[in-house]
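Where a number appears in this text, it was derived from the coordinates with a stated rule and is not lab data. All values reported here derive from a predicted model rather than from experimental measurement. Because the Cβ atoms are built from the backbone with ideal geometry, glycine has one as well, and the counts that use them run over all protein chains shown.
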Amino acid sequence: MGKARTAGLLLHPTSLPGPFGIGDLGRAAHDFVAFLASARQGLWQVLPVGPTGYGDSPYQCFSAFAGNPLLVALDALRDEGLLTGAELRKPPAFPANEVDFAAATAFRMPLLQKAFERFEADASAAQRAELAAFCEREAAWLDDYALFDALKKENGGTAWHTWPEGLAVRESVVLGQARERLATAVRSRQFWQWCFFRQWAALREACHAEGIRIMGDVPIFVAHDSADVWAHPEFFALAADGRPGFVAGVPPDYFSATGQLWGNPLYRWDVMARDGFGFWIDRMRAVLGLVDLVRLDHFRGFEAYWEVPGHETTAMNGSWVKGPGSAFFDALQEALGPLPIVAENLGVITDEVEALRHRYGFPGMAILEFAFGNDGSANAFQPHNFPRNLVVYTGTHDNDTIVGWWNAGVGDSTRTQAEVDAEQALTRAYLGTDGHEIHWDFVRAALASVADTAIVPVQDLLGLGSEARMNLPGRAAGNWKWRLTEGQLAPAVAARLGELSRIYDRAPQGPEPR
């Protein structure tokens, strides 16, 4: 992370504004980089950017390596002559402030197909060579992912373990026949990935030109219905029929009295260790080719993880099982060098988890929304208890917004009304506020703290309510939808945030913002 104080904003690209149903890597993304620069921010944090599966969740992706084709900017393809102005002139009347994933997919994917067909027909020799080089460079994951996605479409979108047996268990003759049969479909997916990675590289370059780093997000687990599990079943705890034998989750917590049942298959860490953790080394190398630092999700699971039998319907009947620990991080560090990791050390954190984190010097996380609950003065999330090697957030993608939390009472948590009342009283006293601009009180507290890094979700910067919440843990559908609308990130907001960043010595060094 480095020692310089810095600040940043959390905004997933799908939440950017624009006319085509979902945020993407085009004009609005570059406008957001300009906003970050004008607000004196040094970080842009995003959620996982892979192709989303179950529940449209970026934490349930069809690949741990691929980019989401829905993020490919259509206007950029138009500028390259791969789409026409007429094709983009009259998009459907998408909702402005949320993503309708089904509608956005129905609009965008046929256009991506048209772009592919035009490329196939008209691309220059140089363009074809660039695509071929990309496919060769990324073949270790791209070949499996492109075939997996083509097969998924051929099989009506069903999960891989329900496909005809020869495909499900990857019989070589059957796979060879599928590659031949679906050659064009496979090539289209390779093309879409090339488009994504080119556009992402341009966006990252724009960030670096403004002195802004990108923080990515690596979920500890991968989705069961993914190219990763299909291609490497030996690394996962699967039953004979291909379903997960044991699944991931967490025991009862702040968000749920029955725990959170994520459903991801657990790793066979013993098999991964014998392989030198090669899958994870490749995964981290890939993500560090896209971003500058990584929030490593559910860090505590590398020390011990919550194992739930695959047939359970809640996470209550699980048990803690030891994870790979220091052997894992030693292998990553030996292969990749010093690891720019932020450890998501939330939840049930033990001394062993913190010892593992400290061993590698990874900063942890503190959430101000959790700072004023039952723990009182011993609460590690209160700023006067912070160490410097820390990333402080007003809230995360899993939290209600600050304004929503302030106004909701008991809301979605397991707190009682008496606990909420006490929490709000302590918040008023601690922050010296009457609550009328509670979001700015939290922003100021985060930036004023000694924590080296402070990050604010854009929803909290704008003082939005619960309608702008990104995710409600445990809810299967209806998450990940929120979007900015044009003009919400006004110059006055940038100026106010920038001034706080200057006051609290978090503004990047360099020229005055434009």
request  = Using per-residue counts of other Cβ atoms within 10 Å, averaged over each peptide, order 193-202, 278-287, 465-474, 5-14 from highest down.
outcome  = 5-14, 193-202, 465-474, 278-287
query = Roughly what would the spin-label model give for Ala380 and Ala355, points 7 Å off Cα along C-beta, in nm?
reply = 1.4
key: Principal semi-axes in Å for the chain [√(5λ), Cα gyration tensor, largest first]   = 36, 29, 22
inquiry  = Can you give me the distance in nm between label points at Ala34 and Glu499, each placed 7 Å from the Cα along the Cα-to-Cβ direction?
reply    = 2.3
key: Residues with amide H under 5 Å from that of Gly249, placed H, sequence gap 5 or more   = Trp262, Trp306
query = Hey, how many Å between the Cα centroid of region 399-458 and the Cα centroid of region 272-290?
reply = 38
Calculated on alpha-carbon atoms, Rg and Dmax of region 339-382 in Å = 11.5, 34
note = Ile402 neighbourhood, Cβ < 9 Å, K/R = +1, D/E = -1, net charge -4
request  = Rounded to the nearest 0.05, what FRET efficiency do Asn155 and Ala201 give with R0 = 30 Å and r taken as the Cβ-Cβ distance? Could you check?
outcome  = 0.40
message = Apply the Karplus curve 6.51 cos²θ - 1.76 cosθ + 1.60, θ = phi - 60°, to the phi angles in region 290-306 and return the couplings in whole Hz, x for Gly and Pro.
response = 9, 10, 9, 8, 9, 7, 8, 5, 6, 3, 4, x, 7, 8, 7, 10, 8
